[in-house]
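Reading through the structure tokens given below for one structure.
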Amino acid sequence: MNVEELDQPADDAPADDMPLPPQQAEMPFAIVQGMPITEPPKDLYIPPDALEVFLEAFEGPLDLLLYLIKRQNLDILDIPIARITEQYMSYIDMMQGLKLELAAEYLVMAAMLAEIKSRMLLPRPPGVSEEEADPRAELVRRLQEYERYKKAAEDLDALPRLERELHRVVVAFEHREVRSAPPTVTLEAVLAAFRDVLRRASMFTDHRVEREPLSVRERMGIVLERARSDTFTSFSAMFSFEEGKAGVVVTLLAVLELLRQAMIELVQNDDSAPIYIKLVA
């Protein structure tokens with residue numbers, strides 16, 4: 001090998017001008033005040049009990065017992081205490097193994113299950129019925145009562161609730177007060193209607209010499225009999241044209257007297273419309 005060959009670079013040696021492959025930068029695990037932090041501080045201390053897990057699956061020991069009973073399709077009136085106690089204690093051990101804080105009522109229920117289990121192993125005294133000697137009776141009663149209240153709470157929670165399923169909508173409207181006053185019957189309209197009655201009454205002639213007594217009080221009763229409270233009666237229907245002018249005048253006086261006593265009312269749609277009479281309810 002000569003000197004020229006030594007001066008030449010080897011084939012497998014990378015040249016200085018060749019680009020390096022791209023490398024991914026290290027991702028920061030935190031950003032504090034806009035500055036990325038890629039390395040944790042050396043004086044940071046994390047206590048071993050800093051992370052706590054809270055299980056909210058069961059609301060108490062009775063809820064846990066109901067879950068264990070329903071999961072295995074057991075009869076609540078005939079609970080296998082040995083199996084349920086074993087599963088309950090395994091759940092308590094699991095919670096303690098996870099360093100979860102147990103409520104005192106869970107431990108009280110564990111002691112009660114252990115007591116029931118031990119009492120069921122003891123022989124029953126003579127002369128005591130099975131229902132009285134059953135140590136599970138009190139526990140069954142509490143479970144049934146808790147199950148009823150839980151079912152009632154679930155039914156209430158399933159109902160539509162305001163601000164959850166239902167939302168109140170308030171629509172503001174401008175205050176508009178519209179009053180339609182009933183049309184008033186003027187005296188001129190009454191006289192115009194009476195003139196028409198007189199014109200029709202003048203068509204009947206009376207050649208009797210004796211004068212029949214006409215009573216306004218009696219004619220008021222006749223008007224009250226012809227008028228009705230549920231419908232309107234024509235003003236001209238109150239008059240008997242065969243009586244002549246004297247009869248229609250008495251009838252008019254009777255109508256005016258009943259109107260004064262507020263026993264009837266006159267109704268007219270407009271000035272040129274016919275007049276109707278109606279009893280006051």
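The values are calculated or read from the model by the stated rules, or taken from the named source; none is laboratory data. Just so it is clear, the model here is predicted, and its values are computed rather than measured. Virtual Cβ from ideal backbone geometry, glycine too; neighbours counted across all protein chains shown.
For the reader, a short list of remarks on this structure follows.
- Top-ranked residue of region 149-183 - restricted to ones that are in contact (Cβ under 8 Å) with a residue 60 or more places away in the chain and outside any helix (DSSP H, G or I), ranked as farthest from Gln268 (Cα to Cα): Pro182
- Test: residue in region 207-218 that is farther than 27 Å from Asn269 by Cβ, assigned by TED's automatic domain parsing to the domain that holds Asp270, assigned to a helix (DSSP H, G or I) and modelled with pLDDT under 80: no
Matching residues to (1) surrounded by fewer than 16 Cβ atoms within 10 Å (Cβ to Cβ); (2) among the β-branched types (Val, Ile, Thr):
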| residue | (1), (2) |
| --- | --- |
| Leu187 | yes, no |
| Val248 | no, yes |
| Glu265 | no, no |
| Lys278 | no, no |
| Ala281 | yes, no |
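- Residues satisfying the criterion are present in region 241-255 (criterion: at positive phi and out of contact with any Gly (no Cβ under 8 Å at 6 or more places or on another chain)).
- Evaluation of Phe204 against the conditions (1) of a type in the set (Phe, Trp, Tyr); (2) at pLDDT below 85; (3) assigned to a helix (DSSP H, G or I) shows that the sole unmet condition is (3).
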